[in-house]
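Only one structure is covered here, and it is reproduced in the block below.
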Protein chains: 2
Amino acid sequence: MKFLDARSSEIEALEAFGIKSMAVEYYQVPLAEPLVDASHGTHTFFELIVCRITGENGVEGVGYTYTGGSGGHAIYSVIADDLKPRILGKNGADIEDVWQSMQKDLHYVGRGGILSFAISAIDIALWDIRCKSLNLPLWQVLNAPSNATACYAGFIDLHLGGDELQQLVKKHMAMGQTAVKTKVGRENIAEDVERVAAIREVLGDDNALMVDANWSYTKERAIEFSNSVSKYNISWFEEPVSPDEFEDYAAIAEATDIPLAMGENLHLVEEFERAIKYSDLAYLQPDCSNIGGITGFLKVAELADKAGLKICSHGMHELHVSLLAALPHSGMLEVHSFPIDQYTISPLKIRDGQAFAPDHNGVGVIFDEAKLSPHLKMQS
Amino acid sequence: MKFLDARSSEIEALEAFGIKSMAVEYYQVPLAEPLVDASHGTHTFFELIVCRITGENGVEGVGYTYTGGSGGHAIYSVIADDLKPRILGKNGADIEDVWQSMQKDLHYVGRGGILSFAISAIDIALWDIRCKSLNLPLWQVLNAPSNATACYAGFIDLHLGGDELQQLVKKHMAMGQTAVKTKVGRENIAEDVERVAAIREVLGDDNALMVDANWSYTKERAIEFSNSVSKYNISWFEEPVSPDEFEDYAAIAEATDIPLAMGENLHLVEEFERAIKYSDLAYLQPDCSNIGGITGFLKVAELADKAGLKICSHGMHELHVSLLAALPHSGMLEVHSFPIDQYTISPLKIRDGQAFAPDHNGVGVIFDEAKLSPHLKMQS
């Protein structure tokens, strides 16, 4: 795997170990206030599914995935009922082999979807063991020049009016952000344009501003909107239309000036391959929690590299920060509105538009049990 | 929806009703003997998830889905935990609306996969209510000229040698079958060719013979195999390579004479759209249990009709028999090796290569509780 080249001999030198045990936990974590986008409605909590793997070598790895509020029980079930019995005893040092076997064994109910979320949690736990075995944080395993990467605040803010948006932007700028992404997809394009204008006004001309329609537009509407906001210097337009309509993305790219981005809804590496081929994207936004973990993310990063595209991220910034710090073709880290990092011992540090990966050996995400345990609903 | 045109005014005249309650059951049904294919290994049981919906109109509909042994707990969970609370109270007469809302509400963990299986069970239950409300069996709701359709025996037989295969073919011909499909994907192409030859020998020259690699071949190997068996008059080559490699299908079609088929692993209508566009298929094989039920199946049937392709089926023959009897562009019904129909009050009737849809009002699948209940593992 290309981005592991610098450490490949050290990784290969790690001893094989059997996967000895696995514990799975399901949490519902309330949000401080409701968050709204154009396709998923109102979020009041997120689901967090944590997977703890212990190797015969005595090292414990922690992986996880999350959802906006639906499907988490099923993800928990796939991990506990279907994947756990299949991977116990397998060599946890050969992550690629475990990953491929999970994909293959459950292929009939898979090809993405809920299976990809489940595989992701296990894959991240195995990477945690790998990094701990190397006594290195993830960003150093990936040979990052530093632990810093450019970031932006990803708002889920479709319910907010212009004044509230401006307050939100100011609040995040005071916290160290310089770039933001806002939701669009209100009833009238004029409202969407006004909201963009309100944000640009307080953000200033030099800071990056992105928009995200959560596939609520038609192709025609996306083109109309895009042309209506071209003077606001939008860095990317995310998910204008359904992630299934690859060719519509290309048509929008052809008819407008704003670069296109997508990825949070593509849960198979092969889907990214096809999106690159048919959609004329500028930015890929995989999410480790649903693309098959760090293994899936790095496969997409390789595709992006080959195609000359920037790799960004969606969600779980507390983990992606280590990946984007390491990837030479990284775009910007999304600091997502689901504050998973607030339930870890190292909430994300942001300064002057940069985010900084933690120094803990492992993937860098260590849950704060005192904060998280009140939200535990199921475990096995 | 095109294939409903003849009954559309009767369907529209049905009164709206709220979905009042839903019960969900999970069964593990043992197979009489282990079944083997090239990608899913050995099957010893199948999972059956049954969904019983009662409308405020007092009509009960029964839907179901199945798997080859994995993911069933998660499907059960999506239905019981995520979909049930969302659809209770919705108008069950507007199936399209319920279907679209299930797809949209769980889109983030969806776009196919386990979600599609869950949606399928609910959709079939609503169709059962629709047909019962019309006092008609499904095949008559779809205006079928008769209840008969051509069928074939779909073997899961990769573990069998030539003599055993010949016995299997003879047994099924004695039961009324004239056409069969065999698995390929053994270690050497020569073995696969020998097995095809053994079957053709007992099947005779005039009966249809199909092969299915369960995506175990590479493109090159698929071409080599296809050219090696061209003298055996193969009606279609099913899933030579991964269902993600649409363009490889087209390359195989270009280089060989045997028509291509796939569908059991495509769980979104949009995937069929793309497969039609890029794969040069001759036969589409959706499965009501994982393409979003009868609603999803009929959407794929419309795509096939527009593209001039034949529509076949995968699995759950006890239900598909009613659909293929009705569709003017139907190919052949797969009589699948998972004998779900043996757990209903109307096991499939086969005579002279034809299968016959049952006359019960509804979708025609009425489970035999005495046979099924010993295999119940969970219910809610």
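The values are calculated or read from the model by the stated rules, or taken from the named source; none is laboratory data. The model shown is predicted, which means the values in this text are computed figures rather than measured ones. Neighbour counts run over all protein chains shown; Cβ positions are idealised from the backbone, glycine included. Areas reflect the complete protein model, heavy atoms only, side chains present, ligands, DNA and RNA absent. Shrake-Rupley method; radii C 1.70, N 1.55, O 1.52, S 1.80 Å.
Within region B:322-380, count every residue that is of a type in the set (D, E) and within 20 Å of B:A144 (Cα to Cα).
Within region B:322-380, residues that are of a type in the set (D, E) and within 20 Å of B:A144 (Cα to Cα) number 3.
Scan region B:102-111 and give yes if some residue there is within 14 Å of chain A (Cβ to nearest Cβ), open to solvent by 30 Å² or more (accessible area, probe 1.4 Å) and within 21 Å of the chain's Cα centre (by Cα), otherwise no.
yes
Please work out which residue is farthest from B:K183 (Cα to Cα), limiting yourself to region B:24-39 and to residues that are buried (at least 16 other Cβ atoms within 10 Å of the Cβ) and away from every other protein chain (no Cβ under 14 Å).
This residue is B:E25.
So B:S77 clears everything in (1) touching a residue at least 12 places away in the same chain (Cβ under 8 Å); (2) within 14 Å of chain A (Cβ to nearest Cβ); (3) of a type outside the set (A, V, I, L, M); (4) buried (at least 24 other Cβ atoms within 10 Å of the Cβ) except one condition, right? Which one?
(1)
Just to be sure before I move on: is A:F117 farther than 18 Å from A:A6 by Cβ and within 14 Å of another protein chain (Cβ to nearest Cβ) in the structure I sent?
Considered against the rule, which asks whether it is farther than 18 Å from A:A6 by Cβ and within 14 Å of another protein chain (Cβ to nearest Cβ), A:F117 comes out as yes.
Of a type in the set (D, E) and at pLDDT 95 or above: does that describe B:D244?
For B:D244, the condition - of a type in the set (D, E) and at pLDDT 95 or above - is not met.
Yes or no: B:V211 crowded, with 22+ Cβ neighbours inside 10 Å and not in a loop (DSSP other than H, G, I, E, B)?
Taking the combined requirement at face value, the residue satisfies it.
So, of the residues in region B:178-197 that are outside any loop (DSSP other than H, G, I, E, B) and of a type in the set (K, R), which turns out to be nearest to B:V335 (Cα to Cα)?
Here the answer is B:K181.
Residues that are under 30 Å from B:S337 (Cβ atoms) and of a type outside the set (A, V, I, L, M, F, W, C): find the helices (runs of 4 or more DSSP H) completely inside region B:1-120 holding 2 or more of those.
Answer list for region B:1-120: B:72-77.
Return only the number of the condition from (1) touching a residue at least 60 places away in the same chain (Cβ under 8 Å); (2) hydrophobic (A, V, I, L, M, F, W, C); (3) touching a helix residue (DSSP H, G or I) at 6+ places or on another chain (Cβ under 7 Å); (4) away from chain A (no Cβ under 14 Å) that B:I350 does not satisfy.
(3)
Being buried (at least 23 other Cβ atoms within 10 Å of the Cβ), within 14 Å of another protein chain (Cβ to nearest Cβ), in contact with a helix residue (DSSP H, G or I) (Cβ under 6 Å, 6 or more places away or on another chain) and assigned to a helix (DSSP H, G or I), is that true of even one residue in region B:166-177?
Looking through region B:166-177, none of the residues is buried (at least 23 other Cβ atoms within 10 Å of the Cβ), within 14 Å of another protein chain (Cβ to nearest Cβ), in contact with a helix residue (DSSP H, G or I) (Cβ under 6 Å, 6 or more places away or on another chain) and assigned to a helix (DSSP H, G or I).
Tell me which residues, restricted to region A:40-71, are open to solvent by less than 10 Å² (accessible area, probe 1.4 Å) and facing chain B (nearest Cβ under 8 Å).
Correct list: A:T67, A:G71.
Would you confirm, using the coordinates I've provided, whether A:K132 is out of contact with any strand residue (DSSP E or B) (no Cβ under 8 Å at 6 or more places or on another chain) and in a helix (DSSP H, G or I)?
no
Quick one: would you say A:A150 is on the phi < 0 side of the Ramachandran plot and either within 9 Å of another protein chain (Cβ to nearest Cβ) or surrounded by fewer than 22 Cβ atoms within 10 Å (Cβ to Cβ) (or both)?
yes
Would you mind stating whether A:E194 is among the charged types (D, E, K, R) and open to solvent by 50 Å² or more (accessible area, probe 1.4 Å)?
yes
Looking only at residues that are open to solvent by 10 Å² or more (accessible area, probe 1.4 Å) and hydrophobic (A, V, I, L, M, F, W, C) in region A:80-101, which one is farthest from the other protein chains (Cβ to nearest Cβ)?
Restricting to residues being open to solvent by 10 Å² or more (accessible area, probe 1.4 Å) and hydrophobic (A, V, I, L, M, F, W, C), the top hit is A:A93.
Quick one: count up the residues across region B:198-252 that are in contact with a strand residue (DSSP E or B) (Cβ under 8 Å, 6 or more places away or on another chain) and charged (D, E, K, R).
4
Looking at region A:120-134, which of the residues that are farther than 30 Å from B:G292 by Cα and either among the polar types (S, T, N, Q) or open to solvent by less than 10 Å² (accessible area, probe 1.4 Å) (or both) is nearest to the other protein chains (Cβ to nearest Cβ)?
A:I124
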